[in-house]
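The values are calculated or read from the model by the stated rules, or taken from the named source; none is laboratory data. The structure displayed is predicted, hence computed values, not measured ones. Cβ atoms come from the backbone with ideal geometry, glycine included; neighbour counts cover every protein chain shown. Calculation scope for accessible area: heavy atoms of the full protein, side chains included, ligands and nucleic acids excluded. Shrake-Rupley method; radii C 1.70, N 1.55, O 1.52, S 1.80 Å.
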Amino acid sequence: MALDVVDQSATAGSDAVGNPSPIRRLLRPLLRWEGGLALVLVISVVGGSLLSPEFLTASNIFNLQLSIGEIAIMALPLTLIIISGEIDLSVASTLGLSSSVLGYLWLHHWSMGLIIIVVLALGALLGLFNGLLVTRLGLPSLAVTIGTLTLYSGIALIVLGSTIVSNFPLSYTNIGVNSVPGVDLSYSMLIFFILAILAAVLAHYTSFGRSIYAIGSSPEAAAYAGIRVKRVKTILFVLSGVVCALAGILFTFRLSTAEYNNGSGLELNAVSISLLAGVSIFGGRGTIVGVVLSVATLGVIQNALLLTSFPQQAMGVVIGGLLLVSVFVPNISLLRNYLRSRRLRSNAALVDDAGSNG
Amino acid sequence: MSTAIESSTQPVSASPVVPAERRATSLILRAREFGIFGVLFLFVLFTSIAQPRFLSLQNIKFILIDTTVFALLAIGETLVIVSRNVDLSVGSVLGVAAFVSSNLYQIDPGISIIVVFAVGIGVGLACGLGNGILVAFGKVPSLVVTLATLYIIRGLDVLIVGGNQVVANALPSSFLAVASGSVLGIPVISIIVAAMVLLAAYYLRNFRSGRDLYAIGSNPSAAQLVGIPTSKRVLIAFVISGALAGLAGVIWASYYGTINSTAGNGYELQVVAAVVVGGVAIFGGSGSVVGAAIGALLLNTINSALYVLGVSAFWDQAIAGLLLLVAISLDKGIASYLAKVLRGRSRNHGA
Amino acid sequence: MTADHNADDFKAVALSLQHARKYFGAVHALEDATITLRKGEAHALVGENGAGKSTLVKILAGVHVPDSGVLEIRGQQIRLNSTREAIAAGVAVIYQEPTLFPDLSIAENVFMERQPTRRFGRIDYPTMERSVEEILAQLGIKLDPRRLCLGLSIAEQQIVEIAKALSLKAEIVIMDEPTAALSSAEVDRLLAVIESLKRSNVAIMFISHRLEEVYRICKRVTVMRDGRYVLSDATSNVSQDQLVRAMVGRDLEIRSATSDAPTGAEMLKVEHLTEEGVFSDVSFSVRAGEVVALAGLVGAGRTEVATAIFGIRRYDFGAVTVGGKRLRRGAPLEAMRSGIGLVPEDRRQQGLVMEMSIARNVGLGSMKKLSHFGLLNSGRENSLAQEWGARLQLKYGRIGDSVETLSGGNQQKVVLAKWLARSPKVLIVDEPTRGIDVGTKAEVHRLILELARQGVAVLVISSELPEVLALADRIVVMREGRLVREFARKDATEELIVEAATVSGGVAA
């Protein structure tokens, strides 16, 4: 197909546009969000070890893993959802309801294998419900998942009431508190790393992942490129549901307790991790590497503070503060990008005219 | 040329179409508020048939006082949501204001009740100001800002309360009477708040600064273009929401008497639910304070009815969540129907 | 129509801008802008994209303050520091895409921030609604001022904007490409409104890419190029060719389709396509190598039919067949696999993911082809984009730059590249040259004809009749959701197409 139909007198102006100096190009990766985050992580690790001699001990690092494992797991699909331009505030309620159902069924003498399958399927169902409300009825995911946040934890309350189930056998609860044989890694962290690798491949190296970014940047343009926007979003919500149910199972085993309000309020931590990872709340931007770094950063800061006997219930001050910081900082760089792109655009437009004149 | 004009797709046809169209749209919009009223009425009817105790003076009083707190929060939340924002921090603000204000009595039992109210409102106002500045000038979505301040303010509350709590015997009877005083069986505080709701509704309908909030919520960039001081208006909406949450905190303290660091936990969701059930569009631009207050009344009535009917209180939360989902689905349906009707009429005018 | 253009060349000057300059950092957006608007006159401002028209408009709207230059309004030197000051000085700007409040009534939209008030600052609704009713009557429009703006057509929205300008008693009205999104009958209507504005002694600045409109209503014309004014004269003294030459700085050869009537196989077949209330019983076909134009007014349902064929919209009845294979409705991916491509109407919203790079935008339609064992190969994506960038003479910095950095014409080339990379059998192009400068426009036209020559079945939707006549082998005309006429190119004239598109029941002009 030879399309030499274009007027040759129009000269290409490519050389004149946006070629930054080699030094700036070298520095660029460091200037990215993830670079800054890595720096913050290093600083918090150093700070933590200065604050408390316990901080860098193996047992403390293992505790740190335990405390953030389930949240980190939930943050992965949540990140993909935010990149696609939606949000899921029901993640912690899904965790809580899964935990409650697990407890309820255990109380009714179901076998654990069957329970786990049922709970994971339930998670998929809860995610599907969110997804269908968002994609088929076209409702804003913020409103929908505030609704299901209330609804799912409400159902957990109906299922379990004030009952607390804690007679789980050691063979299961050990998964919650012991390390993977041979390494100082909790099972939840191991699962997080496996899921993170899968999520990274999915997000950055497949057409499904590319679709997520396209949808987040411009849902309409994505649809016009043949991307099945509704299907992709529904799949993401279902994934989120399943993964949150898995987190619910791990949570129950770690505390050896199933209670209706398990995990309540953790949606904030998960959202904070995603945004701290550099994911834009408006969609279209963010990386899984960022999520891993942000999980580590948040875990370290929380852990270091607890070692200084900062009250656990007041941790919201710190997490909320981090959340605010992480949405304000990119706004500054967004502004810079905006100014730069405007300059480039005008440049291109001028070059365009110059070309036509040639 | 004149022929071309008359044959265009634009509405140059006879005027009788216009009133009909207007009737259709206003009917639908009014139907929305009638709808909530209808549901409320049916609920009261069936519950009182099943359990006459539901309509006892005492029970009505409970419902009204509960509603009073939520209606106050709903006024502020409506201002914020109409301007295409959301304030998730109201529960935390209520909590911290309730403790800080009532705790004054533990410090100085002889303190004037006016000071107590002023401090409560002031604490709320300060929180609202913080939210407002972050949203209006930081250009960060209010969802994220107030989700963060929800936890930050609650965390600060925990730090302030420490191991303490305020108990009823530390509070003077004059303070406790604020919530319990009544005229003809109707709590005085409810009457005052009802008046505030009507005032807020009148303000939103009849003053430029009120209309500005709708304009901002309807099309933020256009609002900027016509010269509406959007940042200032949004800031003020958050300040009012905060101040009202502070006031609600003081009333809450007076009603319950025992205040620890969990006061108002989770109220933000119930308030958003009430406002949305009351017909305020979650993405701004339309809805009324009166609708939101009726929404609050409906939710509290349902909770009370479940209790009276002997349904476990465990069901409250699930029902609130479900109602919220039903309300936004319904609104979506109405909005797209309305758009279709209006567009259709616009088209029918042609040729 | 030119009756009221009596030779009074010395109407009072309403606004004059002399030698305005505006730099943004290193970018010289405006070097030397000079324009004089007179009361009761329409003055056209033309120029290619990037010539500095928008910057000039923004200076007059009070959005930008020029670095140097003199602005006088009614003989007084003035500095407009904000949009408010511009409004106060009697300057109203009507943008191409009006920005109204859908949830508020027409009356409130007209009077936003200026609502008439009673005591204590309460809004006086009856007075407000009455004044809007009067203004609309003055424009000859029947719209209920109490109606919500939700669901108004773009043309109606512009009327609301004009009503706003009139309510402001604006003496200077600036219209930034008001007709770009309008069909020809709607344009006629708008031009009639402009005539009535002229009679009320309003000075009008009219920006348009459509030169025929300029000649119809404007007494004077100013041409800008590269941030400078290059020509300013009475329209009666400048020929259309001279104008175009002044705009582009060189002669344009306008080639038109010369290919013989194609005899390829039927590639796209649409039968009885119906979506209740939007379009009904639409049947036509496009052969391989043929260019068919879908003409009609903007609300006639052309874009809706196109998006229904592609699967973005769902239709209620009917069938779409591509190369003999019937398509499922509402399935764009299946439509693409069967060989359809759609260059949509709204380039920035629908055609491109603005935040993504050129390479990713080009690759977005070919992700399957670019994947190996389910993994995307970005090296192949880049070379695909580079290959098509070169073929289409795309002007860009690096293939990894975001498409936001490109000019409108080059953005359209990226959209075209995305589809051409899939070697489509059927290409639907919706308003392919809207808002594109004259030079690139000709490139796009040549490209479309070349595609047809290579056997692609092309369906063009365009509101510009010269474009339709230059490209199409066959023209089907829609009116109010129905196909009303079909012309072979040799039988078609602008007048016949307009008549078919606008006149019902044969009541011709």
Inset, instruction - Could you check how many residues of the range C:91-136 are of a type in the set (Gly, Ala, Ser) and either assigned to a strand (DSSP E or B) or in contact with a Gly (Cβ under 6 Å, 6 or more places away or on another chain) (or both)? - result: 2
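One line per residue, one yes/no per condition, for (1) closer than 20 Å to residue B:119 by Cβ; (2) more than 14 Å from the chain's Cα centre (by Cα):
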| site | (1), (2) |
| --- | --- |
| B:191 | no, yes |
| B:203 | no, yes |
| B:215 | no, yes |
| B:218 | no, yes |
| B:228 | no, yes |
| B:235 | no, yes |
| B:238 | yes, no |
| B:251 | yes, yes |
| B:258 | yes, yes |
Inset, instruction - Find the helices (runs of 4 or more DSSP H) located wholly in the range B:161-272 whose residues include 3 or more that are of a type in the set (D, E, K, R) and within 14 Å of chain C (Cβ to nearest Cβ), and list them. - result: B:208-218
Legend entry - Tally, over the range B:131-169, of residues that are touching a residue at least 40 places away in the same chain (Cβ under 8 Å), surrounded by 17 or more Cβ atoms within 10 Å (Cβ to Cβ) and of a type in the set (Gly, Ala, Ser): 3
Inset, instruction - Of all residues in the range C:327-355, count the ones that are of a type in the set (A, V, I, L, M) and crowded, with 24+ Cβ neighbours inside 10 Å. - result: 6
Legend entry - Tally of residues being more than 7 Å from chain B (Cβ to nearest Cβ), open to solvent by 40 Å² or more (accessible area, probe 1.4 Å) and assigned to a helix (DSSP H, G or I) across the range A:123-169: 5
Inset, instruction - With respect to residue C:208, determine if the residue is within 28 Å of residue C:302 (Cβ to Cβ), among the small types (Gly, Ala, Ser) and more than 11 Å from chain B (Cβ to nearest Cβ). - result: yes
Legend entry - Residue satisfying all of: in the range B:273-289; more than 8 Å from every other protein chain (Cβ to nearest Cβ) and not in a loop (DSSP other than H, G, I, E, B); nearest to the chain's Cα centre (by Cα) among these: B:275
Legend entry - Selected residue (only one of B:269, B:204 is over 30 Å from residue B:164 (Cβ atoms) and touching a residue at least 40 places away in the same chain (Cβ under 8 Å)): B:204
Legend entry - Selection from the range C:31-85 of residues that are outside any loop (DSSP other than H, G, I, E, B) and either among the charged types (D, E, K, R) or surrounded by fewer than 16 Cβ atoms within 10 Å (Cβ to Cβ) (or both): C:31, C:32, C:38, C:53, C:58, C:68, C:70, C:72, C:76, C:77, C:84, C:85
Inset, instruction - Can you run down the residue pairs with Cβ atoms below 8 Å, 6 or more apart or on separate chains, where the first is in the range C:195-208 and within 9 Å of residue C:39 (Cα to Cα) and the partner is in a strand (DSSP E or B) and open to solvent by 30 Å² or more (accessible area, probe 1.4 Å)? - result: C:203/C:38
Legend entry - Candidate set: the range C:369-409, residues that are more than 7 Å from chain A (Cβ to nearest Cβ) and among the aromatic types (Phe, Trp, Tyr); chosen: the one nearest to residue C:432 (Cα to Cα): C:388
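For the range C:180-201, which residues satisfy the criterion of being away from every other protein chain (no Cβ under 14 Å) and open to solvent by 10 Å² or more (accessible area, probe 1.4 Å)?
Taking the range C:180-201 first, the residues away from every other protein chain (no Cβ under 14 Å) are C:180, C:197-201.
Scanning the range C:180-201 gives C:180, C:198, C:199, C:200, C:201.
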Legend entry - Hits in the range A:177-207 - residues which are more than 12 Å from chain C (Cβ to nearest Cβ), open to solvent by 50 Å² or more (accessible area, probe 1.4 Å) and within 18 Å of the chain's Cα centre (by Cα): A:190, A:193, A:194, A:197, A:198
Inset, instruction - Could you identify the single residue in B:56, B:83 that is of a type outside the set (Asp, Glu) and more than 24 Å from residue B:334 (Cβ to Cβ)? - result: B:56
Legend entry - Yes/no for residue C:231 being modelled with pLDDT of 85 or more and of a type in the set (A, V, I, L, M, F, W, C): yes
Legend entry - Failed item, numbered, when residue B:142 is tested on (1) under 19 Å from the mean Cα position of the chain (by Cα); (2) closer than 27 Å to residue A:312 by Cβ; (3) small (Gly, Ala, Ser): (2)
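Let's see how each residue does on (1) modelled with pLDDT of 95 or more; (2) aromatic (Phe, Trp, Tyr):
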| site | (1), (2) |
| --- | --- |
| A:95 | yes, no |
| A:98 | yes, no |
| A:104 | yes, yes |
| A:116 | yes, no |
| A:119 | yes, no |
| A:123 | yes, no |
| A:131 | yes, no |
| A:138 | no, no |
Legend entry - Lone qualifier among C:500, C:472, C:492, C:421 - being among the hydrophobic types (A, V, I, L, M, F, W, C), more than 16 Å from residue C:345 (Cα to Cα) and out of contact with any helix residue (DSSP H, G or I) (no Cβ under 7 Å at 6 or more places or on another chain): C:500
Legend entry - Unmet requirement for residue C:108, which otherwise passes all of (1) free of Cβ contacts under 8 Å to residues at least 24 places away in the same chain; (2) surrounded by 19 or more Cβ atoms within 10 Å (Cβ to Cβ); (3) assigned by TED's automatic domain parsing to the domain that holds residue C:212: (3)
Inset, instruction - Could you tell me which numbered condition residue B:293 fails, if it satisfies all but one of (1) at pLDDT below 85; (2) aliphatic (A, V, I, L, M); (3) open to solvent by less than 40 Å² (accessible area, probe 1.4 Å)? - result: (1)
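Going by the conditions given, is residue A:250 under 15 Å from the mean Cα position of the chain (by Cα), more than 22 Å from residue C:334 (Cα to Cα) and surrounded by 19 or more Cβ atoms within 10 Å (Cβ to Cβ)?
no
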Inset, instruction - Report yes if residue A:247 is of a type in the set (A, V, I, L, M, F, W, C) and within 30 Å of residue C:428 (Cα to Cα), otherwise no. - result: no
Inset, instruction - Name the residue, out of B:73, B:57, that is open to solvent by 10 Å² or more (accessible area, probe 1.4 Å) and either more than 15 Å from the chain's Cα centre (by Cα) or modelled with pLDDT of 90 or more (or both). - result: B:57
Inset, instruction - Take the range C:137-161 and flag every residue that is more than 9 Å from chain B (Cβ to nearest Cβ) and either part of a loop (DSSP other than H, G, I, E, B) or more than 18 Å from residue C:93 (Cβ to Cβ) (or both). - result: C:137, C:138, C:139, C:145
Legend entry - Complete set of residues in the range C:86-101 that are open to solvent by less than 40 Å² (accessible area, probe 1.4 Å), within 13 Å of chain B (Cβ to nearest Cβ), in contact with a strand residue (DSSP E or B) (Cβ under 8 Å, 6 or more places away or on another chain) and of a type outside the set (Val, Ile, Thr): C:86, C:92
Legend entry - residue C:177 away from chain B (no Cβ under 14 Å), closer than 22 Å to residue C:232 by Cα and either open to solvent by less than 10 Å² (accessible area, probe 1.4 Å) or not aliphatic (A, V, I, L, M) (or both): yes
